[in-house]
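Take a look at the structure set out below.
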């Protein structure tokens, strides 16, 4: 069936199956930043924005995206690059596989939280798993990015 | 130094962080067949019959392969230098299935839905047999996991199939029993580290196709492209020259991707159909149908004199290798190799080990590779010894650790070339606030805080086995290409190796093109494992760069009409010492490659090391334990590291923080459970808890650089050693807090709570 949505500010009409997940639909349309890694809504790798809020694209049927505004990291080149520069200066992207979803969460957090404490940052991002870095380098990068101590 | 020693951003960092399509799945062709595996529901069974008729008749099913369709050559999935020490004990598909999840049939279809539907329509009749599930009951069990006649070993590894022993290892110097009698204090205990899962974020995957000459191309998320090529050649019974393995960016490995998984199934489909094929393991398959750390039982006995000098160590190890013997003998051996040299005042040591087959998921390589398990046991018992002797745990280490120039009993005379472990201990002690905090402080009516510590070592490469080659060319436009078979898995070795090349050639990294991890174009490298890359491949790069530098100077001198001794590098040029004449690299390239020179300048080197110098870590944990619930909160973890010269401080720091976090997971959270029929129950992140950012507390890293004379710029390794200290240090802290010695990992609140009731 056909859905209409906005993807990275562009209106599209896509043919999707009734049981198709948004993460798979996005990948099949070339948004290859979308990674999936858990099948149980635990890891946060597939994070995109739906109407500006960060959401797990693996846990939403594509049908539910009908009429919505979807943003992937491909749609935020400037903001993503700005944070990725800081993240990779720390070396905290490591394998990079979790980074796009993580960056989408960080950018959403920046929009939502004003001057967050370390605790609030950690709490906001708990759903983004990383097995490489041990999280400390990511936290250093976020603090630099947000200009908080 | 301009490049080495600086925190240079990874050369692939921006691309991978912002989601550019550079991983295996991103590179697969859209029309690739989707490969799925039908897996055994039984822990131990023989296939009586397989009915494919309904599945094969489905539209879109391209092929279904069973044990009747595969070559009859046993092989190992372990990615090791040839001749592999791991037994050749598996077929691509076998009539006998040896664990829940073992492969029964390979299904290739036009899409995933069709493949999964076909899987449901395959009817298999099994003759179910009694499985060996408890590894402590494996030796002499009435069921034999490998009854086949045709499994084999490249050399003697102590395999005894009839008794379910995959490998055995014995090493003894001096008379341990006699020495224990002379000791003032003898302590012993038994430790059970679990079969930890790697849980790299990118699950196992590969895609394959035939190229324009009919060769098999396999793009694989692997740490060991050259080993995968050899493995495929043996398993598929085709010449290695007909196979090319390419490693793109990979989403983590931690040793997991030192063992093959899935490549051979996709490759077989491509060979049978001539079509591209893509296999992606889902998370459940990754948890329950690949490999894990070896679960072990370690009995350790330690004897010391009245002054706390350790005189005798006895280690008896039982290692659960599961259904197949990937890495069974080597991980077993490394338990002793990477722990016994820590304390070299011993007069006698004994190591007795067996790796046993069971009907569970195979174990394999995992960051730490036996050292992790051995460190948990040895460091825990050293902490127990310290308590018995009323010695500070840091003091007993300082009294016993090896010093530069010293040897150790089982070390065959090899002298220690570098260590700053004593400094690591002293600095760590200071950072954690040991003197104020040891052993415990009450911080509330039911809360107590305590500290614990442990030290560890690893190797750097495999002495006399691991060899790496590297090539550096001066290109036609004055740029350089570094060709290496080392496999960056996110660790940053493409960057670190080019830092080293840039340092020697005195050039900026930006003009070095790194081409790595492709068996067609890369010089041979065993791959990224055994803490090899910086130390072994790094030295190969240094040597290749030095050779190229020498050629550049000689050729430039010839063009400038002066002697070799009269020129030096100067930016992107060579000039005479007087500064009168200069020739740029671009001009030199033009004259040698395009013009009359007829000699493209290339530096090439192969390097292997006769020693495997140990990096060290001193780890300190501070925990808070709730006496009412047994909940353990990790407050602070300090790790002070000697990895020799730190080539790239930020990348080394991230490696260390990540390794510590994995160790924290192993110590506190990552529980592996099987049900009574041998099915793994902890096969998703819902059941198997890796640390989130709320679970790791604060991890602090410092480096105490030493200088390793055999390493590139004085460097040793760092990748593995960092994973080892958390289990014993955290366990020690918990004991100091509430007096509970929990020797079965992970140390969950339930275990602490029940321990406090005793």
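The values are calculated or read from the model by the stated rules, or taken from the named source; none is laboratory data. On a predicted model such as this, the values are computed, not experimentally measured, just so you know. Quick reminder, even Gly has a Cβ in these numbers, built from the backbone with ideal geometry, and neighbours come from all protein chains shown.
Observations, loosely collected:
- Among the residues here, residue B:11 qualifies as within 14 Å of chain A (Cβ to nearest Cβ), closer than 30 Å to residue A:46 by Cα and in a loop (DSSP other than H, G, I, E, B).
- Among the residues listed as B:173, B:128, B:219, the single one being in contact with a strand residue (DSSP E or B) (Cβ under 6 Å, 6 or more places away or on another chain) and crowded, with 19+ Cβ neighbours inside 10 Å: B:219
- Within the range B:624-663, being away from chain A (no Cβ under 14 Å), more than 29 Å from residue B:195 (Cβ to Cβ) and in contact with a helix residue (DSSP H, G or I) (Cβ under 7 Å, 6 or more places away or on another chain) holds for B:627, B:640, B:642, B:644, B:645.
- Of the helices (runs of 4 or more DSSP H) lying entirely inside the range B:175-274, those containing at least 2 residues that are more than 26 Å from residue B:369 (Cβ to Cβ) span B:176-182, B:263-273.
- Of residues in the range A:64-78 being surrounded by fewer than 17 Cβ atoms within 10 Å (Cβ to Cβ) and touching a strand residue (DSSP E or B) at 6+ places or on another chain (Cβ under 7 Å), the one farthest from residue A:40 (Cα to Cα): A:67
- Of all positions in the range A:43-52, at least one carries a residue that is at the interface with another protein chain (Cβ under 8 Å from one of its Cβ atoms), crowded, with 18+ Cβ neighbours inside 10 Å and in contact (Cβ under 8 Å) with a residue 12 or more places away in the chain.
- Qualifying residue in the range B:142-154 (condition: away from chain A (no Cβ under 14 Å) and under 30 Å from residue B:341 (Cα atoms)): yes
- Taking strands (runs of 3 or more DSSP E) as the structural unit, no element lying wholly within the range A:1-89 holds at least 2 residues that are within 13 Å of the chain's Cα centre (by Cα), within 30 Å of residue B:6 (Cα to Cα) and modelled with pLDDT under 95.
- Qualifying strands (runs of 3 or more DSSP E) (wholly inside the range B:501-598; at least 1 residues being more than 30 Å from residue B:708 (Cβ to Cβ)): B:567-569, B:573-576, B:582-584
- Qualifying positions in the range B:181-213 - touching a residue at least 24 places away in the same chain (Cβ under 8 Å) and under 26 Å from residue B:271 (Cα atoms): B:202, B:203, B:204, B:205, B:206, B:207, B:208, B:209, B:210, B:211
Okay, residues lined up against (1) in contact (Cβ under 8 Å) with a residue 60 or more places away in the chain; (2) assigned to a helix (DSSP H, G or I); (3) surrounded by fewer than 22 Cβ atoms within 10 Å (Cβ to Cβ):
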position: B:1; (1), (2), (3): yes, no, yes
position: B:6; (1), (2), (3): yes, no, yes
position: B:16; (1), (2), (3): yes, yes, no
position: B:19; (1), (2), (3): no, no, no
position: B:43; (1), (2), (3): yes, no, no
position: B:50; (1), (2), (3): yes, no, yes
position: B:59; (1), (2), (3): no, no, yes
position: B:84; (1), (2), (3): yes, no, no
position: B:99; (1), (2), (3): yes, no, no
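- Every residue from the range B:21-38 that is within 18 Å of residue B:115 (Cα to Cα) and surrounded by 19 or more Cβ atoms within 10 Å (Cβ to Cβ): B:25, B:28, B:32, B:33, B:34, B:35, B:36, B:37, B:38
- A single entry from A:115, A:111 fulfils the requirement of being more than 26 Å from residue B:689 (Cα to Cα), away from every other protein chain (no Cβ under 12 Å) and assigned to a loop (DSSP other than H, G, I, E, B): A:115.
- Test set (1) free of Cβ contacts under 8 Å to residues at least 40 places away in the same chain; (2) under 19 Å from residue B:699 (Cα atoms); (3) more than 7 Å from chain B (Cβ to nearest Cβ); (4) touching a helix residue (DSSP H, G or I) at 6+ places or on another chain (Cβ under 7 Å) - residue A:123 fails condition number: (4)
- The single residue among B:276, B:248 that is under 27 Å from residue B:533 (Cα atoms) and either at pLDDT 95 or above or within 14 Å of chain A (Cβ to nearest Cβ) (or both) turns out to be B:248.
- Pair list, Cβ < 6 Å and 6+ apart or interchain, from the range B:664-679 residues that are at positive phi to residues that are surrounded by 22 or more Cβ atoms within 10 Å (Cβ to Cβ): B:678/B:43; B:678/B:100; B:678/B:131; B:678/B:359
- Residue, surrounded by the fewest Cβ atoms within 10 Å (Cβ to Cβ), within the range A:126-148, restricted to residues that are more than 9 Å from chain B (Cβ to nearest Cβ) and closer than 30 Å to residue B:496 by Cα: A:147
- Test: residue in the range B:596-603 that is touching a strand residue (DSSP E or B) at 6+ places or on another chain (Cβ under 8 Å), assigned by TED's automatic domain parsing to the domain that holds residue B:456 and crowded, with 18+ Cβ neighbours inside 10 Å: no
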